[in-house]
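I'd like to ask some things about the structure below.
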Amino acid sequence: MSKNLIDLAVEELAPLLENKSISPVELTKEVLAHADHTEPQINAYMDIYREDAEKSAKEAEKEILNGKYRGMYHGIPMALKDNLYFKDKVTTMSSKIHKDFVSNYDATVVAKLREAGAVFTGKLSMHEYAWGITNNNPHYGAVRNPWDLDKIPGGSSGGSGAAVAAGSSVASLGTDTAGSIRIPASACGIVGLKPTHGLVSKYGCYPLAWSLDHIGPMTKTVKDAAGLLEVIAGYDKNDPTSANVPKENYLSKINGDVKDLVIGVNEDFFFNEVDSDIDKLVRAGIQSLVDQGAKVETVKIPTLQYAEWAELVTSLSEASAIHDTDLKKRPEDFGDDIRMLFELGQLPSAVDYLQAQQVRRQLKQDFQKAFDKVDVLISPTLPVAPNTIGEDFVDLNGKQVDLIDNIIRFTGPANLTGIPGLSVPCGFKGNLPIGLQIMGPAFSEALLLNTGYALEQTKPLQGRKPNLLVRA
Amino acid sequence: MFSLSLSIQELLKNKGIEVKEAHLDVLEARWTGMQALRGNLEHVKIDDADIGVRNIPGGDHIE
C-alpha cells in the first residue's frame, strides 16, 4: 500500500485516513521521501519543514485515533506557494529582497488549512514576486516541468504545479493575477481553480497587483479542488475585498450531470491564434461534454480585443507601485526580467490606467451579456504549449511568438472581470499535458467544478504519469 | 528609435529609476507593443463606462 500513496488524490486518501487504514505519519513520511527523490530533478520546494511536518502528522494521527476527524484535508501533507505568510517562517516571495522576511501571523488561507488539520511540508518556489510565467528564478534556480524536465512548469505558481504533478505535495495553493494558477495547472497536467474575486481572502498574501490577485486550489483532481475551496473560501474582515457571501458545499454539488449545460464558445478571441493541436484537444473536450448532453452556443464578447492591454496596464501599474521604493533604492536586487516589468509599469499614465479600468467595466458587462445566453464559456487555457526553459519565444503553428504576450492571453480576462476560471487537463501534445479553461459567472464555482468533473471522467490523461515518479 | 529610448530612459530617471542600458531596447519594444495592443480604443464607447478600480465580481453595482 505505502508504495502507491503518492499516486493518490486527496479524495482517495481522505477515507483511508478517516477509517485509520493509513496514518498521517506514514503518509507524510512517504511524501517527504518522495520529495527527496524528485527535488534534485524539479526544484519545486523553497524550504522543507521536515520536523514541523512530522510533528503535525503525529498530532493529526492522535486526533484521528481519538475520533476527532476534521474533514477531507485532515492529515494531508501539502506545501504552499512562497507568497503566503506562515507565522514565524521565512516567506521570500522567491525574491532576494525578502529572503529573510518572517511573518508574525498566518495568512487567512494558511490559518484555515491549519484548522482543517493539513500537514505543511514546506514552501514552494514561484516566479520572483509572482510576476512571470516561467518560474525560471534567477535567485533560486528554475523549476522544471515533471513531464519534461527541459520545459517550464508555467508560473508564477510553478512550484505548486510541479510539486502536485510530481506527487511531492498532495495538493497545494497558488495565486493568480493574470493566470498564475491556471497556467502551471495546464502545463503540469493538474487542476487549477482561480475563484471569484473576493471568495477567498487574500489577507497575508504578498500582493502583486491589488485588484487582480486571487488565491486558489491546485490539485490532482476536481474533487480535491472542490474540497480545498470549501476549506479556504469565506468572508474575512481583514481583507477589504472579501465578499460576504454564503459558504457553499462544492463537493456535494458534483455529480457529473451536464445534460442541460449550455457551453459558450467565442471563436473570435479564444480560438484565434491557437496552436492547432491544442485547438483540436479543446474542441474534443467540448465534444465529450456534448456527448454527455451539453449544448454549444456561439457568443460574442467585443471588448476582449482590448483585454490584454487593460490587463497589462493594470497589472504593470499596480505591481510597479507596490515595488516603487525598492525599484529606486535597490534595483540590482531584482531579477532582470521582473525589474524590466516594474520599470515598464512606471510608463503608463494615469489616463492609461483609468481607461484600462473603463475597459474593464465594459468587459464585465460583455461577459455578463454572454452569461445571459450560456452557462459557461470554454476555451484553451493556453494558446501555446510550454516552452523550453530559458527561451523567450514559443512556437505557434510554425511561427515564433513572444511567450509573455501569448501565454496570458486567455487567462487574463477572468482576472480583469473577477469571474472564476478552472483549468482541467484535456489531453496531451506529445509528452506535455494540455489544459482546457472553463469560465462562468461570479460565484459559479460549483457549476465549473461539476463541468470539469464531467470532463475528468473521460480520463483525458489516460492514466499517464511523469516518468520521474519511478523510484528505485 | 534612439530618441524614443532616450525619452524612456529620461522619463524613468526623472522618477528616480536608473535603467540598465541593456534594458532600454526591451522596454522600448514592450512599450511599443503595449501601445499597439491599445489599438483604436478611441473608437470604442467606453466614455460612459465607470471605472472598476475595486474589483467587484459580476458587475460593480451588486445590490
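Any residue in the range A:264-280 that is more than 27 Å from A:Y203 (Cβ to Cβ), β-branched (V, I, T), touching a strand residue (DSSP E or B) at 6+ places or on another chain (Cβ under 9 Å) and assigned to a helix (DSSP H, G or I)?
Within the range A:264-280, one or more residues are more than 27 Å from A:Y203 (Cβ to Cβ), β-branched (V, I, T), touching a strand residue (DSSP E or B) at 6+ places or on another chain (Cβ under 9 Å) and assigned to a helix (DSSP H, G or I).
Report yes if A:I378 is surrounded by 20 or more Cβ atoms within 10 Å (Cβ to Cβ), within 23 Å of the chain's Cα centre (by Cα) and within 14 Å of another protein chain (Cβ to nearest Cβ), otherwise no.
Taking the combined requirement at face value, the residue does not satisfy it.
Could I ask something else about it? Looking only at the range A:249-270, which residues are free of Cβ contacts under 8 Å to residues at least 60 places away in the same chain and among the basic types (K, R)?
A:K259
Just give me the residues in the range A:333-352 being in a helix (DSSP H, G or I) and facing another protein chain (nearest Cβ under 9 Å), in sequence order.
Once the filter is applied, which keeps residues that are in a helix (DSSP H, G or I) and facing another protein chain (nearest Cβ under 9 Å), the range A:333-352 yields A:D336, A:R339, A:M340, A:L341, A:F342, A:E343, A:L344, A:D352.
Can you run down the residue pairs with Cβ atoms below 7 Å, 6 or more apart or on separate chains, where the first is in the range A:435-447 and within 11 Å of another protein chain (Cβ to nearest Cβ) and the partner is open to solvent by 10 Å² or more (accessible area, probe 1.4 Å) and charged (D, E, K, R)?
Once the first residue is within 11 Å of another protein chain (Cβ to nearest Cβ) and sits in the range A:435-447, its partners that are open to solvent by 10 Å² or more (accessible area, probe 1.4 Å) and charged (D, E, K, R) give A:G440/A:D375.
OK, next. Right, A:Q346: open to solvent by 10 Å² or more (accessible area, probe 1.4 Å) and over 26 Å from B:G16 (Cα atoms) or not?
Spelling it out, it is not the case that A:Q346 is open to solvent by 10 Å² or more (accessible area, probe 1.4 Å) and over 26 Å from B:G16 (Cα atoms).
Something else: Only one of these is within 19 Å of A:D47 (Cα to Cα), among the aliphatic types (A, V, I, L, M) and surrounded by fewer than 24 Cβ atoms within 10 Å (Cβ to Cβ): A:V102, A:V119, A:V143, A:V164. Name it.
Only one candidate qualifies: A:V102.
Conditions (1) farther than 16 Å from A:D352 by Cα; (2) within 24 Å of the chain's Cα centre (by Cα); (3) facing chain B (nearest Cβ under 8 Å), marked per residue:
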| position | (1), (2), (3) |
| --- | --- |
| A:T298 | yes, no, no |
| A:W309 | no, yes, yes |
| A:L312 | no, yes, yes |
| A:S317 | no, yes, no |
| A:I322 | yes, yes, no |
| A:T325 | yes, no, no |
| A:R330 | yes, no, no |
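Taking the range B:8-26, which residues are of a type in the set (A, V, I, L, M, F, W, C) and surrounded by 12 or more Cβ atoms within 10 Å (Cβ to Cβ)?
Within the range B:8-26, B:I8, B:L11, B:L12, B:I17, B:V19, B:L24, B:V26 meet the criteria.
Also, quick follow-up: Considering every residue within the range A:194-208, establish whether at least one is under 9 Å from the mean Cα position of the chain (by Cα) and farther than 21 Å from A:L448 by Cβ.
no
So, one more: For residues that are open to solvent by 10 Å² or more (accessible area, probe 1.4 Å) and of a type in the set (D, E, K, R), scanning just the range A:431-465, find the one that is nearest to A:T219 (Cα to Cα).
It comes out as A:E456.
Mind checking whether some residue in the range A:61-71 is crowded, with 17+ Cβ neighbours inside 10 Å, farther than 30 Å from A:D324 by Cα and not charged (D, E, K, R)?
yes
Yes/no per residue for (1) within 22 Å of the chain's Cα centre (by Cα); (2) farther than 22 Å from A:L212 by Cα:
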site: A:I64; (1), (2): no, yes
site: A:G71; (1), (2): no, yes
site: A:D82; (1), (2): yes, no
site: A:L113; (1), (2): yes, yes
site: A:L124; (1), (2): yes, no
site: A:E128; (1), (2): yes, no
site: A:N137; (1), (2): yes, yes
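Of the residues that sit in the range A:51-100 and are in a helix (DSSP H, G or I) and in contact (Cβ under 8 Å) with a residue 60 or more places away in the chain, which one is nearest to A:G154 (Cα to Cα)?
A:A53
Let me ask another. Go through the range A:146-161 and report how many residues are closer than 23 Å to A:L5 by Cβ and open to solvent by less than 10 Å² (accessible area, probe 1.4 Å).
Going through the range A:146-161 one residue at a time, the tally reaches 5.
In addition: Just one of the numbered conditions (1) open to solvent by less than 70 Å² (accessible area, probe 1.4 Å); (2) farther than 21 Å from A:V191 by Cα; (3) among the charged types (D, E, K, R) is not true of A:R50; which one?
Checking A:R50 against (1) open to solvent by less than 70 Å² (accessible area, probe 1.4 Å); (2) farther than 21 Å from A:V191 by Cα; (3) among the charged types (D, E, K, R), the one that fails is (1).
Hey, another quick one. For the range A:211-240, which positions are touching a Ser or Thr at 6+ places or on another chain (Cβ under 8 Å), part of a loop (DSSP other than H, G, I, E, B) and either away from chain B (no Cβ under 11 Å) or open to solvent by 20 Å² or more (accessible area, probe 1.4 Å) (or both)?
A:G234, A:Y235, A:D236, A:N238, A:D239
Please find, within the range B:27-50, the residue that is nearest to the chain's Cα centre (by Cα) out of those that are open to solvent by 50 Å² or more (accessible area, probe 1.4 Å) and under 16 Å from B:S7 (Cα atoms).
Here the residue is B:Q35.
Would you check which residues across the range A:189-210 are among the small types (G, A, S) and either farther than 19 Å from A:F443 by Cβ or open to solvent by 10 Å² or more (accessible area, probe 1.4 Å) (or both) and list them?
A:G189, A:G204, A:A209
So which of A:A370, A:A385, A:A356 is assigned to a helix (DSSP H, G or I), aliphatic (A, V, I, L, M) and either in contact with a Ser or Thr (Cβ under 9 Å, 6 or more places away or on another chain) or over 15 Å from A:L304 (Cα atoms) (or both)?
When all the criteria are applied, what remains is A:A356.
The values are calculated or read from the model by the stated rules, or taken from the named source; none is laboratory data. It should be emphasised that the depicted structure is a prediction, and the values quoted were computed from it without experimental measurement. In this analysis, Cβ positions are derived from the backbone assuming ideal geometry, glycine residues included, and neighbour counts consider all displayed protein chains. Note: accessible area is taken over every heavy atom of the protein model, side chains too, but ligands, DNA and RNA are not part of it. Shrake-Rupley method; radii C 1.70, N 1.55, O 1.52, S 1.80 Å.
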